1. Take the conditions more than 27 Å from V147 (Cβ to Cβ) and among the aromatic types (F, W, Y) and apply them to F101. Does it pass?
2. Within the group F115, F169, F180, which residue is closer than 30 Å to S74 by Cβ, touching a helix residue (DSSP H, G or I) at 6+ places or on another chain (Cβ under 8 Å) and buried (at least 18 other Cβ atoms within 10 Å of the Cβ)?
3. Suppose we filter F159, F163 for residues that are over 25 Å from V11 (Cα atoms), under 12 Å from the mean Cα position of the chain (by Cα) and open to solvent by less than 30 Å² (accessible area, probe 1.4 Å); which single one remains?
4. In region 123-148, which residues are acidic (D, E) and either open to solvent by less than 20 Å² (accessible area, probe 1.4 Å) or touching a residue at least 12 places away in the same chain (Cβ under 8 Å) (or both)?
5. Those residues that are open to solvent by 70 Å² or more (accessible area, probe 1.4 Å) and of a type in the set (D, E, K, R), I need them from region 183-195; list them, please.
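The values are calculated or read from the model by the stated rules, or taken from the named source; none is laboratory data. Just so it is clear, the model here is predicted, and its values are computed rather than measured. We place every Cβ from the backbone using ideal geometry, glycine too, and count neighbours over all the protein chains shown. Ligands, DNA and RNA are excluded from the accessible area calculation, which covers all protein heavy atoms including side chains. Shrake-Rupley method; radii C 1.70, N 1.55, O 1.52, S 1.80 Å.
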Amino acid sequence: LFVAFLLRLSVAIYSYNNEVWKNFSDDRAREVYASTIVKEGLVFKFENIQRPESLLAPGVPLMLALEKIIFGDSWFAVFLVNAVIGTISCLLIYNICKHFFNKEIAFFSLLWASFYPSYIRYIGTAGNEPWLVFLFLIVFMLLVRSVESEKKIYRVVLFSLFFTILFHFDERYVSYIVLFSAFLFLGADPIKEKIRKVILFGACTFLFSMPW
């Protein structure tokens, strides 16, 4: 895991020193979006944004705005956060594989995730890729816990919360609500309990989506 972090940290340092973000128009657009949020708040003039399509998924700009508030106007802080969540994603993959299989398979999965190029190449950008991997893994873990747990409603609520955050980082993931609802019918719970979980999932997802 330490090696995974060092590898991602190296990419972050290289990207910062070589100003890699200047090669991506998406990064510049999200940075403008985040700066506008910091200066004007969550309500601002639409024409202040370079690319209107960036408004479709506000998760990354909001996260960038939070990082600006905490760390200041620093691209290295953005890349460092990406390196940290990228490393945590490797740990999540290990835990998921350990839960379903065994420690040996989990170890090889961790090894694969640590060196998988697509999990590394976007560390030095302001893209949503590192966050999507991280959030999807959390959502999947909470989905599994929600299916396995009996009458532990807070797990379904947490699952709904992180699912809402996920599709606000990439709006295409909202389509997974049907698939995830179907998965909630798995497990050994009585059918009434399963239906209650699905209703709770849908209601919480709707409520958590309203502030966005």
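1. Judged against the criteria, F101 is not a match.
2. Being closer than 30 Å to S74 by Cβ, touching a helix residue (DSSP H, G or I) at 6+ places or on another chain (Cβ under 8 Å) and buried (at least 18 other Cβ atoms within 10 Å of the Cβ) holds for just one of F115, F169, F180, which is F169.
3. F163 is the lone residue from the list that is over 25 Å from V11 (Cα atoms), under 12 Å from the mean Cα position of the chain (by Cα) and open to solvent by less than 30 Å² (accessible area, probe 1.4 Å).
4. E148
5. Answer for region 183-195, where residues must be open to solvent by 70 Å² or more (accessible area, probe 1.4 Å) and of a type in the set (D, E, K, R): just K192.
To keep it simple, each residue is scored yes or no on (1) open to solvent by 40 Å² or more (accessible area, probe 1.4 Å); (2) at pLDDT below 90.
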{"residue": "F46", "(1), (2)": "yes, yes"}
{"residue": "S54", "(1), (2)": "no, yes"}
{"residue": "G59", "(1), (2)": "no, yes"}
{"residue": "A77", "(1), (2)": "no, no"}
{"residue": "I88", "(1), (2)": "yes, no"}
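Conditions (1) closer than 30 Å to S25 by Cβ; (2) touching a residue at least 12 places away in the same chain (Cβ under 8 Å), marked per residue:
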| residue | (1), (2) |
| --- | --- |
| F76 | yes, yes |
| F79 | yes, yes |
| A83 | yes, yes |
| I88 | yes, yes |
| N95 | no, yes |
| H99 | no, yes |
| E104 | no, no |
| F107 | no, yes |
| R121 | yes, yes |
